[in-house]
Amino acid sequence: MNNFRTFDSAVNFYQRTLKLKFTGTMRDQLQRAALSIALNLAEGRGRHSTADQKRFFNIALASARECQAILLIAGMKESDDWKQLDKAAAQIYQLIKFAG
């Protein structure tokens, strides 16, 4: 995963979610969705065909949108966590756009 900035951004966001003070299902859902971003980026990067890569990158972007919805519901749109997630989502969007 060397030199894969988008993956690094996703891992950074996931690690940030572990420190958030959410409880219950919201915490669980945020952490699962954040982990899904990183794991789907990793799996997509390992695929050889552009179509397969793009499919996994799209799943990662959908998980990022899910995380954004949770942060919005929690009133965290202006937080540093939101900014990190927004950066990762923009990078994923660029991967999809240039994947074909």
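Values in this text are rule-based calculations from the coordinates and carry no lab data. The structure presented is a predicted model; accordingly, all values stated were derived computationally and were not measured. Positions of Cβ are generated from backbone atoms using ideal geometry, with glycine treated the same way; all protein chains shown enter the neighbour counts.
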_Environment charge of GLU43, counting only residues whose C-beta is closer than 13 Å and scoring Lys/Arg +1, Asp/Glu -1_ = +3
*Taking neighbour counts of Cβ atoms within 10 Å as a proxy for exposure, in what order, fewest first, do PHE4, PHE56, PHE13, PHE98 appear?*
PHE98, PHE4, PHE56, PHE13
*Starting from one equal scatterer on each C-alpha and no solvent at all, send me the Debye-based log10 I(q)/I(0) for the range 1-76 at q = 0.13 Å⁻¹, two decimals.*
-0.39
*Any chance you could give the angle, 0 to 90 degrees and rounded to 10, that helix 5-17 forms with the longest Cα principal axis of the chain?*
20 degrees
*Along Cα→Cβ, 7 Å out, is where each label goes; now give me the distance between the ones at GLN15 and ARG32 in nm to one decimal.*
2.5 nm
_Going by Cα centres, the range 56-98 and the range 15-35 are how many Å apart?_
14 Å
*Cα lying deepest toward the dipole's positive end in the range 5-98, options GLN94, GLN15, LEU39, charges on Cβ*: GLN94
*So how many Lys-Lys pairs in the chain land under 27 Å Cα to Cα, not counting same-chain pairs under 8 apart?*
13
_Relative contact order for the chain, counting Cα pairs under 8 Å that sit 6 or more residues apart, in percent_ = 32 percent
